[in-house]
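This report refers to the structure that appears directly beneath it.
Just so it is clear, none of the values below were taken in a lab; they were calculated from the coordinates. These numbers come from a predicted model, not from an experiment.
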Amino acid sequence: MKQFITFIALVSILFVSAQEIPSASIVDIKGNKVDFSKIIKSDKPVIVSFWATWCVPCINELDAISEVYPDWQDETNVKLIAISVDDDRTARRIKPLVNGKGWDYEIYRDYNMELQRAFNISSVPFMIIIKNGKIVYTHSGYSPGSEDKIYKIISQ
């Protein structure tokens, strides 16, 4: 059973990695619609973190990265985009949470789950690292210290 789960995880990582960057509508924290494919176009690495206000591991991951993010930006010029998957019932919690945490990320909401479907994301936290328009890394879940691995990937 463990081998089967490992196989399924590997197949989904390969599936996401093989995908082109989708064009999907998301909204910024002020409610303005933007095209995902346009905001990630960059010659610098981009971390896309899918999260939710009700997801404790998501918040822990974004808090941990927040502590080292200024250094990462100085050293690698990385950009982090945090995309909330909150539904209409919990979306009102996004802005107060972000303001209270002081996260210095671009914050968006996948209001119609278009991006989640395009990337086949079934759980959060889910992270994608994009370099030169290509997905180079995906990861689901969070454990303390995993930001070290993320740093290694973006600094290569």
Handout entry: Added length on full extension, which subtracts the Cα-Cα distance from 0.36 nm per residue, Ser155 to Asn99
Key = 17.3 nm
Problem - Long-range HN-HN contacts of Ala24 with modeled amide H, under 5 Å - result: Phe36, Ser37
Practice task
Run down the aspartates and glutamates and flag those whose C-alpha is under 16 Å from the C-alpha of Lys134, throwing out any fewer than 8 positions away in its chain.
Solution key: Glu20, Asp43
Practice task
List the extent of the Cα atoms of the chain along each of their three principal axes, largest first, rounded to whole Å.
Solution key: 42, 35, 29
Exercise for the section: As a check on your grasp of the helix formula, calculate [θ] at 222 nm for the chain: sum -39500 (n - 2.57) over DSSP H runs of n ≥ 4, divide by the residue count, round to the nearest 500. Expected result: -13000 deg cm²/dmol
Handout entry: Table column - 3J(HN,Hα) (Hz), the stretch 104-110, Karplus curve with 6.51, -1.76, 1.60, x for Gly and Pro
Key = 9, 10, 7, 10, 9, 10, 8
Practice task
Taking H placed 1.01 Å from N in the peptide plane, check which residues at least 5 places from Ser84 or on another chain put their amide H under 5 Å from its amide H.
Solution key: Trp51, Tyr108, Arg109, Asp110
Exercise for the section: Provide the per-residue ³J(HN,Hα) series for the stretch 149-154, in order, calculated from phi with Karplus coefficients 6.51, -1.76, 1.60 and θ = phi - 60°, each as a whole number of Hz, with x at glycine and proline positions. Expected result: 5, 4, 4, 4, 5, 6
Fill in the blank from the handout: the stretch 2-155: antiparallel bridges as % of DSSP beta bridges, rounded to 5, reads 60
